[in-house]
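Working notes for the structure below.
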Amino acid sequence: MKVQHVVLFRTAKELSAERIDYVGELFLQCLGHCDGLENIQWVSNQSASKFASGWTCGTIMQFRDAAARDNYLIHPMHQEVSKETSKGFYTQVVVFDYDDPGEKSAGRQNTA
């Protein structure tokens, strides 16, 4: 079963746009180098909701399966991203992984 790996950052206030872009590029470069990483997005929070709570940017990754995700976590490219983000990039980070049931999802869709 595919695994979605979501990482959200509250970035440090003094960060430049260039540093944020650089970290995003480090994440994006993992595609094609980490076996089982099928898709990756680097995103910025566009929410106007009061519940956005300062979460500024993040990445959404799709892995072939949990084993591919686990291998990514020890991959040298992930270690480089982790090292870079540990140097004052964020004030808080959250990681949320879930199994993606794909078309078998019990979710609902508006068909109107």
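No lab work stands behind these numbers, since they all come straight from the coordinates. Since this is a predicted model, take the numbers as computed values, not measurements. With ideal geometry, Cβ positions are generated from the backbone for all residues, glycine too; neighbour counts draw on all protein chains shown.
Worth pointing out:
- Here the chain is treated with +1 on each Lys and Arg Cβ and -1 on each Asp and Glu Cβ, and its dipole about the Cα centre works out to around 440 debye.
- Given charges at Cβ of Lys, Arg, Asp, Glu: the chain dipole, positive-most of M1, A12, N39: A12
- Charge context of C30, other residues only, Cβ under 13 angstrom, K/R +1, D/E -1: -4
- Secondary-structure-derived ellipticity at 222 nm for the chain, considering helices only, amounts to -8000 deg cm²/dmol, per-run term -39500 (n - 2.57) for DSSP H runs with n ≥ 4.
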